[in-house]
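A.B. asks: Below is one structure. I have some questions about it.
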Amino acid sequence: MIVKTTVNQTVIELVCGDITQEETDAIVNAANSRLAGGAGVDGAIHRAGGPAIMAECRKIGGCPTGEAVITTGGNLKARFVIHTVGPVYRGGGKGEAGLLASAYQNSLNLARKKGLASLSFPAISCGVYGYPLREAASLALSTCVAFAKNHPELRHIRHVLFDQRTYDIFAQELKKITP
Ligand code: ADP
């Protein structure tokens, strides 16, 4: 099942699946601040995209939490990977919400600066970083909806959720914030 809504001139879509198979201009990686690769979606993206992505990550050297950098997509269908670093969830009193919103916002800004028309996000911080799913979904979607209202040039934003539970929660939260 695909949930789809249009905000201004941007289609925002939720899909259940593997982000490494996406054909958008860029996919977003939930990276760590050393850009060192790892488990979860980060490992999957490097495996599928090949060593060219890590070669560029090494040159960049790192990325602070809440910020974003861009590399080639290597062997992926997506031309670029935007690596952003979400916060580790430590109870919610350590600025996690602002940092998670920034991770989405800075990824969107970078896509716009590069002139990209489509972008796919995973559920940043919702795996080993432990962010509560519903709060993360709400922040992710409200940040993207606000961006779409101001930036019609990004035509297509996809949230690619890896499992049914994550997908269902994103779908419920999207319903709450769009008419
Ligand atoms: P973080 O460290 O930011 O929590 P994780 O990779 O551990 O990042 O998890 C982020 C989300 O990505 C989780 O919801 C996880 O299930 C999901 N995920 C893992 N592999 C993939 C994949 N191939 N495509 C899309 N999402 C994935």
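Read-outs throughout are calculated quantities, based only on the coordinates presented, and are distinct from any laboratory measurement. Quick caveat: nothing in here was measured; it's all calculated off a predicted structure. No Cβ is skipped: glycine too gets one built from the backbone with ideal geometry, and neighbour counts run over all protein chains shown.
A.B. asks: So in segment 138-171, with the set limited to residues that are among the aliphatic types (A, V, I, L, M) and out of contact with any Leu (no Cβ under 8 Å at 6 or more places or on another chain), which one is surrounded by the fewest Cβ atoms within 10 Å (Cβ to Cβ)?
C.D. replies: Ranking the qualifying residues of segment 138-171, first place goes to A146.
A.B. asks: Among the numbered conditions (1) surrounded by 15 or more Cβ atoms within 10 Å (Cβ to Cβ); (2) out of contact with any Cys (no Cβ under 6 Å at 6 or more places or on another chain), tell me where V69 comes up short.
C.D. replies: All conditions are met except number (2).
A.B. asks: Failed condition for A171, given (1) touching a Cys at 6+ places or on another chain (Cβ under 6 Å); (2) in a helix (DSSP H, G or I), with all others met?
C.D. replies: Condition (1) is where A171 drops out.
A.B. asks: Return the residues of segment 58-95 that are within 14 Å of Y129 (Cβ to Cβ) and in contact with a helix residue (DSSP H, G or I) (Cβ under 9 Å, 6 or more places away or on another chain); say none if nothing qualifies.
C.D. replies: Matches in segment 58-95: T65, G66, T84, V85, G86, P87, V88, Y89, R90, G92.
A.B. asks: May I ask you to list the residues in segment 5-26 that are surrounded by 20 or more Cβ atoms within 10 Å (Cβ to Cβ) and in a loop (DSSP other than H, G, I, E, B)?
C.D. replies: Of everything in segment 5-26, those that are surrounded by 20 or more Cβ atoms within 10 Å (Cβ to Cβ) and in a loop (DSSP other than H, G, I, E, B) turn out to be E22, T24, D25.
A.B. asks: Among the residues of segment 139-165, which ones are within 15 Å of the ligand (Cβ to nearest atom) and without any contact (Cβ under 8 Å) to a residue 60 or more places away in the chain?
C.D. replies: Listed by number, the residues that qualify are L139, A140, R165.
A.B. asks: Of all residues in segment 27-39, how many are closer than 25 Å to R165 by Cβ and either of a type in the set (V, I, T) or crowded, with 16+ Cβ neighbours inside 10 Å (or both)?
C.D. replies: Going through segment 27-39 one residue at a time, the tally reaches 6.
A.B. asks: So, one more: Within segment 10-20, which residues are out of contact with any helix residue (DSSP H, G or I) (no Cβ under 8 Å at 6 or more places or on another chain) and over 12 Å from P122 (Cβ atoms)?
C.D. replies: Correct list: V11, E13.
A.B. asks: Now, a different point. Being more than 12 Å from the chain's Cα centre (by Cα), hydroxyl-bearing (S, T, Y) and under 27 Å from G37 (Cβ atoms) is the requirement here; does Y104 meet it?
C.D. replies: Here the answer is no, as Y104 does not meet what is asked.
Per-residue answers, yes or no, for (1) out of contact with any strand residue (DSSP E or B) (no Cβ under 9 Å at 6 or more places or on another chain); (2) touching a residue at least 12 places away in the same chain (Cβ under 8 Å):
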{"residue": "N75", "(1), (2)": "yes, yes"}
{"residue": "V85", "(1), (2)": "no, yes"}
{"residue": "G93", "(1), (2)": "yes, no"}
{"residue": "N109", "(1), (2)": "no, yes"}
{"residue": "R112", "(1), (2)": "yes, yes"}
{"residue": "S118", "(1), (2)": "no, yes"}
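A.B. asks: Within segment 99-120, identify whether any single residue is farther than 25 Å from L76 by Cα, basic (K, R) and surrounded by fewer than 18 Cβ atoms within 10 Å (Cβ to Cβ), and answer yes or no.
C.D. replies: Looking through segment 99-120, none of the residues is farther than 25 Å from L76 by Cα, basic (K, R) and surrounded by fewer than 18 Cβ atoms within 10 Å (Cβ to Cβ).
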